[in-house]
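Notes follow once the structure below has been shown.
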Amino acid sequence: MEDRLVIQGIEFTSRLWVGTGKYRDFEETAKAVEASGTDVVTVAVRRVNILDRNSPNLLDYLDPKRYKILPNTAGCYTVEDALRYARLAREAGISDLVKLEVIGDEKTLFPDVCGLLEATEVLAREGFVVLPYTNDDPVTARRLVDAGAAAVMPLGAPIGSGLGIRNPYNIKIILETVDVPVIVDAGVGTASDATIAMELGCDAVLINTGIAGAGDPVSMARAMRHAVIAGRLAYRAGRIPRKLYATASSPMEGML
């Protein structure tokens with residue numbers, strides 16, 4: 001209760017956010033989301049049916065009173081497409097929140113930084129709470145905040161790669177550079193990756209493939225839940241310094 005994540009006045013109860021792509025079906029999605037303990041689920045407006053309520057709909061399986069639905073612009077390669085899908089989601093009454101993606105390369109799925117900055121500025125001006133997916137570059141993170149981003153979401157590794165946090169030093173510099181929440185997005189493959197992100201001081205972790213692609217997504221969702229909690233507690237507790245030589249854990253004074 002005393003350690004809630006707040007983004008632009010919006011309060012979140014969980015620091016693990018969960019994507020909804022790549023599951024076998026909506027039933028499995030709902031079970032994994034519940035097991036994760038999250039209160040935020042991301043939904044690709046372009047790829048998942050959330051706008052046509054007359055067809056099978058993901059939102060029939062996720063209670064909007066229980067979860068904050070975070071529309072994302074996954075699959076958008078132009079500023080115009082990203083703006084259009086963000087606006088469609090808001091017009092459908094889903095959310096003013098948007099996880100903004102403007103992809104620059106089909107093979108790596110790295111962001112188009114110039115397009116991302118442009119789209120962030122436009123959507124922030126229109127009143128959206130913009131959470132941009134970006135690379136792990138501190139300069140870009142600062143410019144996104146200047147453009148109106150409410151948080152920044154640097155990748156830990158390429159989308160869906162499961163490689164973990166490949167450059168923890170850049171993530172740490174981003175944390176020192178911006179004064180908005182930092183949410184690691186992309187690359188988390190297992191529970192220890194999520195813990196590392198949180199121990200660095202990140203405010204949250206967004207995971208999709210690491211859960212949905214696991215042999216048992218529901219169990220992995222549970223593991224990620226505990227990993228994020230453990231990493232946050234360890235960060236707040238403060239780890240001991242690293243030392244080259246041993247230090248006795250038992251006191252030497254008073255021994256015969």
Problem - Qualifying positions in the stretch 112-136 - in a strand (DSSP E or B) and either of a type in the set (S, T, N, Q) or touching a residue at least 40 places away in the same chain (Cβ under 8 Å) (or both) - result: VAL129, LEU131, TYR133, THR134
Practice task
Being of a type in the set (Gly, Ala, Ser) and closer than 24 Å to ASP179 by Cα is the filter; apply it to the stretch 3-24 and report the residue that is surrounded by the fewest Cβ atoms within 10 Å (Cβ to Cβ).
Solution key: GLY9
Problem - Residue list for the stretch 160-180, filter: among the β-branched types (Val, Ile, Thr), surrounded by 18 or more Cβ atoms within 10 Å (Cβ to Cβ) and either in a loop (DSSP other than H, G, I, E, B) or within 13 Å of the chain's Cα centre (by Cα) (or both) - result: ILE165, VAL178
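Filter the stretch 217-253 for residues that are assigned to a loop (DSSP other than H, G, I, E, B) and open to solvent by less than 80 Å² (accessible area, probe 1.4 Å); which is modelled with the lowest pLDDT?
Among those that are assigned to a loop (DSSP other than H, G, I, E, B) and open to solvent by less than 80 Å² (accessible area, probe 1.4 Å), it is SER250.
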Problem - Odd one out for VAL139, checked against (1) assigned to a loop (DSSP other than H, G, I, E, B); (2) surrounded by fewer than 18 Cβ atoms within 10 Å (Cβ to Cβ); (3) not acidic (Asp, Glu) - result: (1)
Handout entry: Qualifying positions in the stretch 204-216 - open to solvent by 30 Å² or more (accessible area, probe 1.4 Å) and outside any loop (DSSP other than H, G, I, E, B)
Key = THR209
Practice task
Would you confirm whether any residue within the stretch 55-78 is touching a residue at least 40 places away in the same chain (Cβ under 8 Å) and either in a helix (DSSP H, G or I) or surrounded by fewer than 17 Cβ atoms within 10 Å (Cβ to Cβ) (or both)?
Solution key: no
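The values are calculated or read from the model by the stated rules, or taken from the named source; none is laboratory data. Please read all numbers here as calculations on a predicted model, not as lab measurements. Positions of Cβ are backbone-derived with ideal geometry, glycine not excepted, and every protein chain shown enters the neighbour counts. Note: accessible area is taken over every heavy atom of the protein model, side chains too, but ligands, DNA and RNA are not part of it. Shrake-Rupley method; radii C 1.70, N 1.55, O 1.52, S 1.80 Å.
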